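S.K.: Below you'll find the structure I mean.
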Amino acid sequence: MKRDVAIEINGTLYERTIEPRMLLSDFIRHEARLTGTHVGCEHGVCGACTIQLDGEPVRSCILFAVQADRHSVRTVEALTADLDGELHPLQQAFHEQHALQCGFCTAGFLMSIEPLLATPERLEDDAEIREALSGNLCRCTGYQNIVNAVRDAAQRMREPAK
Amino acid sequence: MKLRNEFSVAAPVDKTWEMLLDIQRVAQCLPGATIEPDNGDGVYRGQMKVRLGPMTVDYRGTAKLADVDNDERVATLDVKGKEARGTGLASATIRNSVKANGTGTDVVIETDLNITGRPAQFGRGIMEDVSAKMLEDFAKRLERELQDDPPSTDEGASPAAGTAGPTAAASDEDDILDLGSAVSGPLLKRAGIAAAAVVVLVVLFRALRPRSEELTLTLRAR
Amino acid sequence: MKKQPEEHEPLTIGARAPRIEDDRLLRGAGRFVDDIDVPGQLHMRVVRSGVAHARIAGIDTSEAAAAPGVQLVATAADLGSSDPIPLRLDFGVDLDAYLQQVLATDRVRYVGEPVAVVVAEDPYRAEDAADLVDVHYEPLPPVLDAREAMRDDAEQLRDGAGNEVICIEKSFGDVDEAFSSAAHVVQAELSVGRHTGTPMETRGLVADWDAGRGHLTIWGAALVTHYHQRVLSRLLDLPVSKIHMRGTDAGGNFGVRGDFFPEDFLVPWLAMRTGRPVKWVEDRAEHFVSINHAREQVHRIEAAFDEDGRLLGLRDEIWHDKGAYIRPTGLVVSEISVGMLPWPYRVPAYEGRIHVVMTNKTPVGPYRAPGRYEGTFAREHLLTIAARELDMDPVELRRINLIDRSEIPFAPDLTIGGEPFVLNSGDCVGLLEKALDAADFAAWVEEAEEMRAEGRIAGTSVAYFVDKSGLGVYETAGIDIGVDGSVRILIGGASSGQGIETVMAQIAMSELGVPLERVEVVHGDTDLIPDGVGSWSSRSTVIGGSAVLNAARATADKARRIAAELLEAAVEDLVLADGSVHVLGSRERGVTLGEVAAACDTVSSQQRGETPGLGAREIYIDPQMNYPYGVAFAQVEIDPDTGHVDVRRYFCAYEIGKAVNPMLVEGQIVGGVAQGIGGALFEELSYGDDGQPRSASFMDYLVPGATEVPHVGTLVSEDAPTPSNPLGAKGAGESGIMAVGAAVAGAVGDAVGDPRAVHALPLTPERVMRLLADTRDPVS
Amino acid sequence: MKPSAFEYETPERTDEALELLARDPEETKVLAGGQSLVPLLNFRLARPDRLVDLNGVGELAYLRRDDGALRIGAMTRQATLERSSIVEERWPLLKQAIRLVAHPQIRNRGTVGGSAAHADPAAELPVALTALDATFHIRSARGSRAVPARDFFLQPLMSAIEPGELLVEIETLPMAANSGTAFVEYARRHGDFALGGAAVVLEHEDDGSIGRAAIALLGAGPTPLRASAAEAALVGATVDEASAAEVAALAVEDVRPTGDIHGSAEYRQGLLRSLVRQALLQAAQVPRAA
């Protein structure tokens, strides 16, 4: 039996009538047409579909859209939208450090790491950064430049405070 | 996957052998499985809902006696099933034997199990764990069944599901000889397979489509 | 709201330019195939065999066809034609009996083989219905090992054609004499497991059929677009001009993703059949059984040395498990395996044989460094063993056997893919010395010794490799400059995320002098680009880039010609810079490229006798394949409690001839190393002995994460530009992965004190525990 | 990989959830964090008719200290447990275990009760809770019962929770002063299901000997296992390299792990021995809690 849902994504309310089995990733991509969130495995391992649900990074492929009813979802599109179109410092660091190749996994990395930049002191050494990245798979970069970009972004987050 | 279960019961070997021939009685020992009377063709159809925690796989399939050695008291059963929804198959060769052990009977169930399709396509050994555990549970239940409730001699009655109904018993020699040669016909119902059939059900089956009877899969030792 | 372009110096050849494709990808504004939704589209679901080998006794689709939302269920019987998918790379061997049908007819030969297809209103219902297709299988025994498949009593996969497809042999010199006169002969049997590229984006296609005009539009082909167009034309009986392939972003490829698979036929065929747009996105579970698998070779290899450790001869017999069918790339992996095996060493006599064998597993095709990942492991590990047996330093053993600069061009009597092998430029020893220095490899060795002295199990190794780039002979390119001064580059290749757009833009800008922000690179659109060969074999920069360079030069010439007319200046005095053409030394005497383009209107062009528009179309034909080379070092530590191999240090030096963008080259190397570590330690497509795949998800197929790969040091050398193309470039895509299996295996062998103990990849913890037991406890 | 259709219920109170579960207990599944269940649904290995989603039942999400004991509401997110300073101080084993559960994105959504109820033999929390002798509080429309850890995990993916029942709370008693704990495991990649693991609690006497020991094994069999013989052997002993090795050998002597593509039974048994040894040495070194 279909259900009515009202899901807030990036500040916009999406009201739809959907089957309970619809995955949240499918809702975001094909109902809200926000295709920046990618689906890499649909079993919760690769992390490409990571979004923020009520502020916390989670895998959208192992959540049902009905579970996000009356909750707030944030996707990669919000990063630039929140800055009037400017790239977020993390995105800028990814660009400068060549931390993406095909770009398919990138949104998942960004949405996983962005909340961690609030406490940049926890991203000081490479081992910490690599552990923070370990829930997201990338097949192109070998992670090295992603580590560099996160270190760089964390430094940028610290500097303005000085 | 090769599995072996054994247990002993106090009942004499002839009696145990005979008891094991009634698929429907023994099937009760396994939750989720039902097996239907054959259509006189020696092919038993049944279904089985296998549960592994939250996982469930519905199988439908057939059981057919491949070989009965009445002298050695070994019955070999071929069972094959197919997922009700999905592409997987399950098949098993079950070699079932009983031996007198002085005071009672030793029962040995050797199963060669082959499962294909998605349930089999995971690297972790949970399927193996569960199959082993279920066979173990089944053997325990069967052991209890054979221990607690010696069979009556009321042949041919089909017990209603869920009741420990009467079973085929006929321990007289003619019948047994018949069994040995029977590869089709009504007698097959009792043909040595009870334990075997149920064991099979562990991972199998449910196949009520007419076509399933045509399945002539020969199980091959791996 | 797009970021304003910044003003800066044009980033041309050689610059570490940040990529032009990044902006859209970072914003989540890339357009991948699943991002294409066409109104009214249906969704396809493929019903795949769940058994490895069986006869199909019947298929009942009635229940599926009656399921809610289902538009059509089709089997092989509905396809009409039974043409198999044709070869793309044809070396003149008749392989018809081994090619794959789009849907299985009477027999299935691997788990995952398409048997039927369902189209429904949404992907959920399509999957519901696919579950209801009832295929009646009569199982046959599966054949799962190449050597067993070749035995006389083996089950045969097909009637009238044996399990061994062919044995390819290559040889030169007197091998028997080399071995009989040798002071030392070293042998090993070495195997590489089955693994694959596993791009993060699975495959997918969308097809839209315009029945009125008889036009087909297809999104999603990612590698060899024009080849797909031609094959579809033949199989669907449509003129090429009525098939419009449209490129999308592609989420990785690595050689596995873009070939012509059964679905590449099914999706457009179903669109035509149903009259509705049809979409298909492969799911990860089906990806693992349907995408080309790779590797899976066993090498029985031996080398003959004189008393000083100089190679006299090399012999290798290889068994290559190619899975159930020959896919469009045919025998290329096997051909390369046996053709590339000896290099970069001065091998006077060589005999290589490779048995190409069919088994009941997913078909095997090329994956980044096909044939070289395997061959490099076999050859280099044999040398590592030889160094131990001859009591020589592993580096020195290699040094004395490397082809010397003085021997270039080095042209043994050997062909690869029908073309003579020629190492036309290079200094292998020179690169080795530079790399040893840059990595400070001696310190690695010393460190490992110290660790061993502390009771830790650590080791180092060196592995040399030769790459190959530029199959496919030619590529096309075009450039158009708009009246607003924007530049559009059209390439016949494709991009799957390597940064090809940026590389092509940098090449073009070296001639045109326009900031990268003004450049768009278009690929994969057959209406805009009438011909192309594609992105594979590390060919994009080498061949595609050369075509772009030619087009850019022709465009710049034309710009100067027209500007000379507008400025009343001499052509040879004009230069292109900052988006304009001006007289050298006086910037104010110039016109913008937009103004030049405006002057190329149709009427004026007609009067001048020129083609309208500012731009050019060029084809580049490559005279010769390139053989870039490199060397890798590894240092590992083994945990004696778990068998876990920790790659502590890794370094890869690579002679690329010319790096258009060194940052991207390093990115290719590091990414390749990570994938190589996957194949060396983690990734394996396992099968049960019933032919069931046991690693068909990311839970069991272990792609390395950020915590599993080390920091990788790189050295990109440009000492030996190739004379065979105008850029001097040699290709980069496959460099990093090439030697990882060899280097890791060698370091593990060094750590346990006996490289002979290592004979198979991946080095899983269990294998490592066993070899620890073998090497540390000889008494038991 | 899209799930089969199901009916979906969103109770807001426990009673309501129990009532929904009672309607068709066999064909109803409880959806907690869903980090294990939803992948199974996507693979269509689970096809329940109905899901009862507990994520709206706020009263099941809590961490409470009660008479020294820790009471964990079944719907408490794993990340909540991970971030709790009280848990870190008083039940460090839980924190040590939870940091090894998959990745942060999973722990943000995954629940403590869900992990326990899922009863995966390779999961960390069931092993830690087994070592802590936790009590599982189960309710149904008929009433409630408490099941000790040793009776809770029955089979791979099967706990003592019957159809129609709901795990509502997990309770662990206060740890003795002078306790040291360790959780050691080996997974092929960071965050993967481990090939083996060991949770150890050592209660030290004033003289430095062991007063009581708990050793629970991960991946040693179909459920978390306690190594009772090894535990008994530790009482009165002190832990050093030699005794740790000896006790570890004893701990795995009778275990029969299941082999699979990631490691054979033999490999796992050897691995477990090493991990128990490491865990014992670590737990013996932990500064004694005041």
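The values are calculated or read from the model by the stated rules, or taken from the named source; none is laboratory data. Quantities reported herein were computed from a predicted structural model and do not represent experimental measurements. Reconstructed Cβ throughout: ideal geometry from the backbone, glycine too, with neighbour counts over all protein chains shown. Only protein heavy atoms, including side chains, enter the accessible area calculation; ligands, DNA and RNA are left aside. Shrake-Rupley method; radii C 1.70, N 1.55, O 1.52, S 1.80 Å.
S.K.: If a residue has to be part of a strand (DSSP E or B) and under 15 Å from the mean Cα position of the chain (by Cα) to count, how many in region D:137-161 make the cut?
M.R.: 8
S.K.: Then there's this: Quick one: which of D:ALA199, D:ALA245, D:ALA237 is assigned to a loop (DSSP other than H, G, I, E, B) and open to solvent by less than 50 Å² (accessible area, probe 1.4 Å)?
M.R.: Values: D:ALA199 fails: assigned to a loop (DSSP other than H, G, I, E, B); D:ALA245 fails: assigned to a loop (DSSP other than H, G, I, E, B).
So the residue among D:ALA199, D:ALA245, D:ALA237 that is assigned to a loop (DSSP other than H, G, I, E, B) and open to solvent by less than 50 Å² (accessible area, probe 1.4 Å) is D:ALA237.
S.K.: If you take the residues of region D:251-278 that are within 14 Å of chain B (Cβ to nearest Cβ) and of a type in the set (Val, Ile, Thr), which of them is least open to solvent (accessible area, probe 1.4 Å)?
M.R.: Step one: filter region D:251-278 for residues within 14 Å of chain B (Cβ to nearest Cβ), giving D:255-269.
Next cut, of a type in the set (Val, Ile, Thr) only: D:255, D:258, D:261.
Working: D:VAL255: 11, D:THR258: 36, D:ILE261: 55 Å².
Restricting to residues being within 14 Å of chain B (Cβ to nearest Cβ) and of a type in the set (Val, Ile, Thr), the top hit is D:VAL255.
S.K.: Tell me, which strands (runs of 3 or more DSSP E) lie completely within region A:37-87 with 1 or more residues that are charged (D, E, K, R) and either closer than 21 Å to C:ASP35 by Cα or modelled with pLDDT under 95 (or both)? Full working, then the answer.
M.R.: Values: elements: A:50-53, A:56-59, A:72-74.
Of the strands (runs of 3 or more DSSP E) lying wholly inside region A:37-87, those with at least 1 residues that are charged (D, E, K, R) and either closer than 21 Å to C:ASP35 by Cα or modelled with pLDDT under 95 (or both) span A:56-59, A:72-74.
S.K.: State the number of residues belonging to region D:42-85 that are farther than 20 Å from A:ASP69 by Cα, within 14 Å of another protein chain (Cβ to nearest Cβ) and acidic (Asp, Glu).
M.R.: 2
S.K.: Looking at A:HIS43, A:HIS30, A:HIS98, which is the one that is open to solvent by 20 Å² or more (accessible area, probe 1.4 Å) and at the interface with another protein chain (Cβ under 7 Å from one of its Cβ atoms)? If you could, list the steps in order and put the result at the bottom.
M.R.: Working: A:HIS43 fails: open to solvent by 20 Å² or more (accessible area, probe 1.4 Å); A:HIS98 fails: open to solvent by 20 Å² or more (accessible area, probe 1.4 Å).
A:HIS30 is the lone residue from the list that is open to solvent by 20 Å² or more (accessible area, probe 1.4 Å) and at the interface with another protein chain (Cβ under 7 Å from one of its Cβ atoms).
S.K.: How many of the residues in region C:487-510 are open to solvent by 20 Å² or more (accessible area, probe 1.4 Å) and out of contact with any strand residue (DSSP E or B) (no Cβ under 7 Å at 6 or more places or on another chain)? Lay out the reasoning, then the answer.
M.R.: The first filter runs over region C:487-510 and keeps only residues open to solvent by 20 Å² or more (accessible area, probe 1.4 Å), leaving C:488, C:498, C:510.
Retained after the next criterion (residues that are out of contact with any strand residue (DSSP E or B) (no Cβ under 7 Å at 6 or more places or on another chain)): C:498, C:510.
Total satisfying the criteria: 2.
S.K.: Could you pull out the residue among B:VAL50, B:VAL26 that is under 25 Å from B:GLY86 (Cα atoms), open to solvent by less than 20 Å² (accessible area, probe 1.4 Å), hydrophobic (A, V, I, L, M, F, W, C) and at pLDDT below 85?
M.R.: From the options B:VAL50, B:VAL26, the qualifying one is B:VAL50.
S.K.: Select from region C:22-34 the residues that are in contact with a strand residue (DSSP E or B) (Cβ under 8 Å, 6 or more places away or on another chain) and crowded, with 20+ Cβ neighbours inside 10 Å and write down the one among them that is farthest from the other protein chains (Cβ to nearest Cβ).
M.R.: This residue is C:VAL33.
S.K.: Next question. Hey, which of the strands (runs of 3 or more DSSP E) in region C:595-709, taking only ones fully inside, have at least 2 residues that are over 19 Å from the mean Cα position of the chain (by Cα) and surrounded by fewer than 19 Cβ atoms within 10 Å (Cβ to Cβ)? Spell out the reasoning first.
M.R.: Values: elements: C:614-621, C:629-638, C:645-655.
The qualifying strands (runs of 3 or more DSSP E) are C:614-621, C:645-655.
S.K.: Out of (1) in a helix (DSSP H, G or I); (2) at the interface with another protein chain (Cβ under 8 Å from one of its Cβ atoms); (3) surrounded by 24 or more Cβ atoms within 10 Å (Cβ to Cβ), the odd one out for A:MET111 is which?
M.R.: Going through the list (1) in a helix (DSSP H, G or I); (2) at the interface with another protein chain (Cβ under 8 Å from one of its Cβ atoms); (3) surrounded by 24 or more Cβ atoms within 10 Å (Cβ to Cβ), A:MET111 breaks only (2).
S.K.: Please tell me if D:LEU132 is farther than 23 Å from A:HIS43 by Cβ and modelled with pLDDT of 95 or more.
M.R.: On the way: farther than 23 Å from A:HIS43 by Cβ: yes; modelled with pLDDT of 95 or more: yes.
So D:LEU132 fits the description; yes.
S.K.: If a residue has to be free of Cβ contacts under 8 Å to residues at least 12 places away in the same chain, polar (S, T, N, Q) and surrounded by 13 or more Cβ atoms within 10 Å (Cβ to Cβ) to count, how many in region C:566-594 make the cut?
M.R.: The number of residues fulfilling the criteria is 0.
S.K.: Please name all residue pairs, on different chains or six or more residues apart, with Cβ atoms under 7 Å, provided the first residue is in region A:135-161 and is facing another protein chain (nearest Cβ under 8 Å) and the second residue is outside any helix (DSSP H, G or I) and polar (S, T, N, Q).
M.R.: A:ASN136/A:THR50; A:ARG139/C:THR198; A:CYS140/A:GLN101; A:THR141/A:GLN101; A:ASN145/A:GLN97
S.K.: Pull up region B:92-126, narrow it to residues that are open to solvent by 30 Å² or more (accessible area, probe 1.4 Å) and among the hydrophobic types (A, V, I, L, M, F, W, C), then point me to the one that is nearest to D:ARG256 (Cα to Cα).
M.R.: B:PHE122
S.K.: I've got another one for you. So how many residues does region C:713-734 have that are open to solvent by less than 10 Å² (accessible area, probe 1.4 Å) and either β-branched (Val, Ile, Thr) or closer than 21 Å to C:ASP440 by Cα (or both)?
M.R.: Selection size over region C:713-734: 2.
S.K.: Which condition breaks for D:PRO121 when tested against (1) crowded, with 24+ Cβ neighbours inside 10 Å; (2) at pLDDT 95 or above?
M.R.: (2)
S.K.: Among all residue pairs at least 6 apart or on different chains, which show Cβ distances below 7 Å where the first residue, located in region C:161-188, is farther than 10 Å from C:ALA303 by Cα and open to solvent by 60 Å² or more (accessible area, probe 1.4 Å) and the second is of a type in the set (Phe, Trp, Tyr) and not in a loop (DSSP other than H, G, I, E, B)?
M.R.: Every condition considered, the pairs that remain are C:SER171/C:TYR350.
S.K.: Looking at C:LEU471 and the list (1) within 30 Å of C:PHE91 (Cα to Cα); (2) surrounded by 24 or more Cβ atoms within 10 Å (Cβ to Cβ), which single condition is not satisfied?
M.R.: Checking C:LEU471 against (1) within 30 Å of C:PHE91 (Cα to Cα); (2) surrounded by 24 or more Cβ atoms within 10 Å (Cβ to Cβ), the one that fails is (2).
S.K.: Something else: Working carefully through the options D:GLU27, D:GLU88, find the one that is out of contact with any strand residue (DSSP E or B) (no Cβ under 9 Å at 6 or more places or on another chain), open to solvent by 10 Å² or more (accessible area, probe 1.4 Å) and more than 14 Å from chain A (Cβ to nearest Cβ). So that I can check it myself, show each step before the final result.
M.R.: Working: D:GLU27 fails: out of contact with any strand residue (DSSP E or B) (no Cβ under 9 Å at 6 or more places or on another chain).
Exactly one of D:GLU27, D:GLU88 is out of contact with any strand residue (DSSP E or B) (no Cβ under 9 Å at 6 or more places or on another chain), open to solvent by 10 Å² or more (accessible area, probe 1.4 Å) and more than 14 Å from chain A (Cβ to nearest Cβ), namely D:GLU88.
S.K.: I need a count of the residues in region D:176-196 that are open to solvent by 30 Å² or more (accessible area, probe 1.4 Å), closer than 29 Å to D:THR238 by Cα and in a loop (DSSP other than H, G, I, E, B). Please lay out each step first, then the result.
M.R.: Kept after step one, since they are open to solvent by 30 Å² or more (accessible area, probe 1.4 Å), are these residues of region D:176-196: D:176-178, D:185, D:190, D:193.
Narrowing further to those that are closer than 29 Å to D:THR238 by Cα: D:176-178, D:185.
From what is left, the residues that are in a loop (DSSP other than H, G, I, E, B) are D:176-178.
Summing the residues that are open to solvent by 30 Å² or more (accessible area, probe 1.4 Å), closer than 29 Å to D:THR238 by Cα and in a loop (DSSP other than H, G, I, E, B) in region D:176-196 gives 3.
S.K.: Checking the condition within 14 Å of chain D (Cβ to nearest Cβ) and in a helix (DSSP H, G or I), which residue from A:GLU128, A:GLU121 passes?
M.R.: None of the others qualify; the one that does is A:GLU128.
S.K.: Looking at region C:453-495, which of its residues are part of a loop (DSSP other than H, G, I, E, B), closer than 30 Å to C:ARG388 by Cα and not small (Gly, Ala, Ser)?
M.R.: Those that are part of a loop (DSSP other than H, G, I, E, B), closer than 30 Å to C:ARG388 by Cα and not small (Gly, Ala, Ser): C:GLU454, C:ARG456, C:ASP467, C:LYS468.
S.K.: Oh, and also: What number goes with the only condition from (1) of a type in the set (A, V, I, L, M); (2) open to solvent by 10 Å² or more (accessible area, probe 1.4 Å); (3) outside any strand (DSSP E or B) that C:ALA552 does not pass?
M.R.: (2)
S.K.: Looking at C:ARG295, is it at pLDDT 95 or above, part of a loop (DSSP other than H, G, I, E, B), within 18 Å of the chain's Cα centre (by Cα) and not β-branched (Val, Ile, Thr)?
M.R.: Numbers: at pLDDT 95 or above: yes; part of a loop (DSSP other than H, G, I, E, B): no; within 18 Å of the chain's Cα centre (by Cα): yes; not β-branched (Val, Ile, Thr): yes.
Spelling it out, it is not the case that C:ARG295 is at pLDDT 95 or above, part of a loop (DSSP other than H, G, I, E, B), within 18 Å of the chain's Cα centre (by Cα) and not β-branched (Val, Ile, Thr).
S.K.: Being within 14 Å of chain B (Cβ to nearest Cβ), closer than 17 Å to D:PRO126 by Cβ, in contact with a Pro (Cβ under 9 Å, 6 or more places away or on another chain) and open to solvent by less than 30 Å² (accessible area, probe 1.4 Å) is the requirement here; does D:ALA220 meet it? It would help to see each step written out before you state the result.
M.R.: On the way: within 14 Å of chain B (Cβ to nearest Cβ): yes; closer than 17 Å to D:PRO126 by Cβ: yes; in contact with a Pro (Cβ under 9 Å, 6 or more places away or on another chain): yes; open to solvent by less than 30 Å² (accessible area, probe 1.4 Å): yes.
Judged against the criteria, D:ALA220 is a match.
S.K.: Mind checking whether some residue in region B:93-112 is away from chain D (no Cβ under 11 Å), in a strand (DSSP E or B) and under 23 Å from D:LEU40 (Cα atoms)? Explain how you work it out, then say what you get.
M.R.: Initially, region B:93-112 is screened for residues away from chain D (no Cβ under 11 Å), giving B:93-112.
This time we only want the ones that are in a strand (DSSP E or B), so: B:93-100, B:105-112.
Within this subset, residues satisfying the condition of being under 23 Å from D:LEU40 (Cα atoms) are none.
No: region B:93-112 contains no residue that is away from chain D (no Cβ under 11 Å), in a strand (DSSP E or B) and under 23 Å from D:LEU40 (Cα atoms).
So that you can scan it fast, the table gives a plain yes or no per residue for (1) among the charged types (D, E, K, R); (2) assigned to a helix (DSSP H, G or I); (3) out of contact with any Lys or Arg (no Cβ under 8 Å at 6 or more places or on another chain); (4) surrounded by fewer than 24 Cβ atoms within 10 Å (Cβ to Cβ):
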| position | (1), (2), (3), (4) |
| --- | --- |
| C:ASN360 | no, no, no, no |
| C:ALA369 | no, no, yes, no |
| C:ALA378 | no, yes, yes, no |
| C:ILE385 | no, yes, no, no |
| C:MET392 | no, no, yes, yes |
